[in-house]
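Here is the structure we will look at, set down as structure tokens.
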Amino acid sequence: GAVVSQHPSWVICKSGTSVKIECRSLDFQATTMFWYRQFPKQSLMLMATSNEGSKATYEQGVEKDKFLINHASLTLSTLTVTSAHPEDSSFYICSAENGPYGYTFGSGTRLTVV
Amino acid sequence: KQEVTQIPAALSVPEGENLVLNCSFTDSAIYNLQWFRQDPGKGLTSLLLIQSSQREQTSGRLNASLDKSSGRSTLYIAASQPGDSATYLCAVSRSNDYKLSFGAGTTVTVRA
């Protein structure tokens, strides 16, 4: 079946540094990927839609300069949290649309900013 | 804006009992509806995908129905097992841009 690989699974960083999260579709091409954020005991909140070869589309209220998204190939999208602060600590999940199979999700990244 | 509601928020049952999880959505103009399972601290595992033209999908002990006109879907899990303990999320995608809207989930505990 379709697999989306997300790395790292967890990361701890110091306040003010940047963190990059990778999302790869392993056995299919994904022209569109999505990035979500999930707070404890809450559902997923869509942050942005990542389109291969073009600029990402951000949801209302999401700072595009803080959450940089790059989708340079049909199998890789990256999310960079720039100048991270403790309030950015969260669980970030990517997904890819896979035609008739619906959406396939990565395993998520737990970001802790100290 | 699409609003997705899942009831109940939490459910605890003894092993062997059947589970019924409900999902409702406000905008019937959906492309498809998907049920996911999420274990603590993990990503989402797709369980069942129902296209807007379909009324149900089945996979093993799982069965999901879709009534688009009334904005409802139900996930049935037969003969529950402790390994079924997880949070179950319902998500609908919009017809125009395929973005997913998620419910808050139902957290299921199956007691041995």
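Tell me yes or no: at least one residue of segment B:25-33 is closer than 15 Å to A:Tyr101 by Cα, under 14 Å from the mean Cα position of the chain (by Cα), free of Cβ contacts under 8 Å to residues at least 40 places away in the same chain and crowded, with 17+ Cβ neighbours inside 10 Å.
No, there is no match, as no residue in segment B:25-33 is closer than 15 Å to A:Tyr101 by Cα, under 14 Å from the mean Cα position of the chain (by Cα), free of Cβ contacts under 8 Å to residues at least 40 places away in the same chain and crowded, with 17+ Cβ neighbours inside 10 Å.
What is the residue count in segment B:95-112 for residues that are aromatic (Phe, Trp, Tyr) and part of a strand (DSSP E or B)?
1
From the list A:Gly53, A:Gly61, which one is surrounded by fewer than 15 Cβ atoms within 10 Å (Cβ to Cβ) and either in contact (Cβ under 8 Å) with a residue 12 or more places away in the chain or among the polar types (S, T, N, Q) (or both)?
Testing whether each residue is surrounded by fewer than 15 Cβ atoms within 10 Å (Cβ to Cβ) and either in contact (Cβ under 8 Å) with a residue 12 or more places away in the chain or among the polar types (S, T, N, Q) (or both) leaves just A:Gly53.
Looking only at segment A:81-114, count how many residues are over 23 Å from B:Leu89 (Cβ atoms) and surrounded by fewer than 15 Cβ atoms within 10 Å (Cβ to Cβ).
Total satisfying the criteria: 6.
Out of A:Ser107, A:Ser95, which single residue is in a loop (DSSP other than H, G, I, E, B) and hydroxyl-bearing (Ser, Thr, Tyr)?
Result of the check over A:Ser107, A:Ser95: A:Ser107.
Against the definition (touching an Asp or Glu at 6+ places or on another chain (Cβ under 7 Å), in a strand (DSSP E or B) and not hydroxyl-bearing (Ser, Thr, Tyr)), how does A:Leu68 come out, yes or no?
In short, no.
Output the residues belonging to segment B:79-100 that are of a type in the set (A, V, I, L, M, F, W, C) and surrounded by 13 or more Cβ atoms within 10 Å (Cβ to Cβ).
Hits for segment B:79-100 are B:Ala86, B:Leu89, B:Cys90, B:Ala91, B:Val92, B:Leu100.
When segment A:63-77 is examined, which residues are found to be in contact with a Lys or Arg (Cβ under 8 Å, 6 or more places away or on another chain) and of a type outside the set (Ser, Thr, Tyr)?
The one that is in contact with a Lys or Arg (Cβ under 8 Å, 6 or more places away or on another chain) and of a type outside the set (Ser, Thr, Tyr): A:Leu76.
Evaluate the following for B:Gly60: is it more than 13 Å from chain A (Cβ to nearest Cβ), without any contact (Cβ under 8 Å) to a residue 12 or more places away in the chain and either open to solvent by 10 Å² or more (accessible area, probe 1.4 Å) or over 26 Å from A:Ala2 (Cβ atoms) (or both)?
yes
Can you pull out every residue in segment A:25-34 that is open to solvent by 60 Å² or more (accessible area, probe 1.4 Å) and either among the aliphatic types (A, V, I, L, M) or modelled with pLDDT of 95 or more (or both)?
A:Leu26
Check B:Ala86 against each of (1) more than 25 Å from A:Phe91 (Cα to Cα); (2) small (Gly, Ala, Ser); (3) modelled with pLDDT of 95 or more and name the one condition it does not meet.
Only one criterion in (1) more than 25 Å from A:Phe91 (Cα to Cα); (2) small (Gly, Ala, Ser); (3) modelled with pLDDT of 95 or more is unmet by B:Ala86, namely (1).
Considering segment A:71-80 alone, what residues qualify as being aliphatic (A, V, I, L, M), open to solvent by 30 Å² or more (accessible area, probe 1.4 Å) and part of a strand (DSSP E or B)?
A:Ala72, A:Leu76, listed by residue number.
Checking A:Val62 against (1) away from chain B (no Cβ under 12 Å); (2) touching an Asp or Glu at 6+ places or on another chain (Cβ under 7 Å); (3) β-branched (Val, Ile, Thr); (4) under 25 Å from B:Cys90 (Cβ atoms), only one condition comes out false. Which one?
(2)
The values are calculated or read from the model by the stated rules, or taken from the named source; none is laboratory data. Please read these numbers as outputs of a predicted model, since none were measured by experiment. Methodologically, a virtual Cβ is constructed for each residue, glycine included, from the backbone with ideal geometry; neighbour enumeration extends over all protein chains shown. Accessible surface is based on the protein model in full, side chains and every heavy atom, while ligands, DNA and RNA are left aside. Shrake-Rupley method; radii C 1.70, N 1.55, O 1.52, S 1.80 Å.
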